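Since the structure comes first, as structure tokens, the remarks are kept for the end.
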Amino acid sequence: MHSGRRVEIFPGAGPVLAAAAWFAMMQARPQPAYATMRPSIESFFDPVTGTASHLVYDAAGGHAAAIDTVLDYDPKAGRSATRSADLILDFLRAHSLQLDWILETHAHADHLSAADYLRRRTGARIAIGARICQVQGVFKQLFNLEAQFAVDGSQFDVLLDDGQQFDIGHLTMTVLFVPGHTPADIAYRIDDAVFIGDTLFMPDVGTARCDFPGGNAQALYRSIQKLLALPSATRLFLCHDYPPPGRAACLQTTVAEQRAANIHVHDGVSEADFIAMRQNRDAGLAMPVLLLPAVQVNIRAGAWPPAESNGIRYLKIPLNSL
């Protein structure tokens, strides 16, 4: 595994320029014969936030990517911990895996990301959808962040666009743009598996909310239809599960199961009906418990705000603004 020190592949280039150069180099290479190799997937569930994190790897002793990781946070005490992220590190060590990528589907509002912690521990790159810049602009204004906070996505190592591909060892991942929950959501497809972020939940739970800044129910419906147009046996790996009483948490479903039984968007639900349902439902939902701390950290790629003159870091609470 990497030592934890980041390696400059294009010395002197800014993060976005370096990423562009890196993608140009990757796309110029011949596609490997093993590009459709079936991935191994290990999933982790945090019951406190209902978040599923997934570790994708090519083979024991090979290369891996971690998707939608969790930094434990107690909002009552204002204290963080790394128990959830350390489970991923333990798995990497046990299987002699090198973590190449830390992938975000979007800037989460319901849990804090462990991306920065894992980057510092492994040297892996953090990647997110390129439209994170739009999200950063909204929340920089809301939280009145420091003037030096950049809204160009430079806190992340790589910004991804729809259709872009990148390698995880002997695997090739493809990016799918799936806005709606936020304007910047992406999903990751590899072979018959898609990591769908906040689009669909388990069929008995439904779909993601669309009432955050830039969210749009029509866009979510169309993103979901893109996912449901994939082959029926396609495995869909969730970012969250909120199981009803009597059901254990489930972190994986299929296109066929969603089309047959999703309570919000099964086959036959029109776009107009979905929009009306989603807007009516969102109007009655409470804000996520960790919304305010999570967004401030996650738009920084999982890093804390800079320390103030007393050496302490602070998260802000905007009063009467949401």
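Does Ala187 count as under 22 Å from Leu103 (Cα atoms) and either in contact with a strand residue (DSSP E or B) (Cβ under 8 Å, 6 or more places away or on another chain) or assigned to a loop (DSSP other than H, G, I, E, B) (or both)? I'd like the intermediate steps shown before the answer.
On the way: under 22 Å from Leu103 (Cα atoms): yes; either in contact with a strand residue (DSSP E or B) (Cβ under 8 Å, 6 or more places away or on another chain) or assigned to a loop (DSSP other than H, G, I, E, B) (or both): yes.
Taking the combined requirement at face value, the residue satisfies it.
Which of the residues spanning segment 293-318 are under 17 Å from His108 (Cβ atoms) and open to solvent by 70 Å² or more (accessible area, probe 1.4 Å)?
Trp304
I'm checking my understanding of the structure. Among residues of segment 240-268 that are open to solvent by 50 Å² or more (accessible area, probe 1.4 Å) and outside any loop (DSSP other than H, G, I, E, B), which one is farthest from Gln218 (Cα to Cα)?
Taking the candidates together, the pick is Gln252.
Considering each residue of segment 131-149, count those that are hydrophobic (A, V, I, L, M, F, W, C) and open to solvent by 30 Å² or more (accessible area, probe 1.4 Å), and give that number. Step through it out loud before you land on a result.
Within segment 131-149, the subset hydrophobic (A, V, I, L, M, F, W, C) is 132-133, 135, 138-139, 142-143, 145, 147, 149.
From what is left, the residues that are open to solvent by 30 Å² or more (accessible area, probe 1.4 Å) are 133, 138, 142, 147.
Matching residues across segment 131-149 total 4.
Within segment 215-231, is even one residue in contact with a Pro (Cβ under 6 Å, 6 or more places away or on another chain) and touching a residue at least 60 places away in the same chain (Cβ under 8 Å)?
The answer is no, given that none of the residues of segment 215-231 is in contact with a Pro (Cβ under 6 Å, 6 or more places away or on another chain) and touching a residue at least 60 places away in the same chain (Cβ under 8 Å).
Of all residues in segment 292-322, count the ones that are aliphatic (A, V, I, L, M) and not in a loop (DSSP other than H, G, I, E, B). Please lay out each step first, then the result.
Of the residues in segment 292-322, the ones aliphatic (A, V, I, L, M) are 292, 294-295, 297, 299, 301, 303, 307, 312, 315, 317, 319, 322.
Imposing the further condition that a residue be not in a loop (DSSP other than H, G, I, E, B) reduces the set to 292, 294-295, 297.
The total comes to 4.
Could you give every pair whose Cβ atoms fall below 9 Å, whose first residue belongs to segment 45-71 and is on the phi > 0 side of the Ramachandran plot, and whose second residue is open to solvent by less than 30 Å² (accessible area, probe 1.4 Å) and of a type in the set (Val, Ile, Thr), counting only separations of at least 6 or pairs across chains?
Matching pairs, first to second residue: Asp68/Thr51; Asp68/Thr105.
Give the residue, chosen from Gly206, Gly215, that is surrounded by fewer than 22 Cβ atoms within 10 Å (Cβ to Cβ), of a type in the set (Gly, Ala, Ser) and within 22 Å of Ser53 (Cβ to Cβ).
Only one candidate qualifies: Gly206.
Would you check which residues across segment 45-64 are more than 19 Å from Thr82 (Cα to Cα) and open to solvent by less than 50 Å² (accessible area, probe 1.4 Å) and list them? Spell out the reasoning first.
Looking only at segment 45-64, we keep the residues that are more than 19 Å from Thr82 (Cα to Cα), and these are 56-64.
Selection gives Val56, Tyr57, Asp58, Ala59, Gly62, Ala64.
The values are calculated or read from the model by the stated rules, or taken from the named source; none is laboratory data. Everything quoted here is computed from the prediction, not taken from an experiment. Every residue, glycine as well, gets a Cβ built from its backbone with ideal geometry; the counts of neighbours run over all protein chains shown. Surface areas here come from the heavy atoms of the whole protein model, side chains and all, with no ligands, DNA or RNA. Shrake-Rupley method; radii C 1.70, N 1.55, O 1.52, S 1.80 Å.
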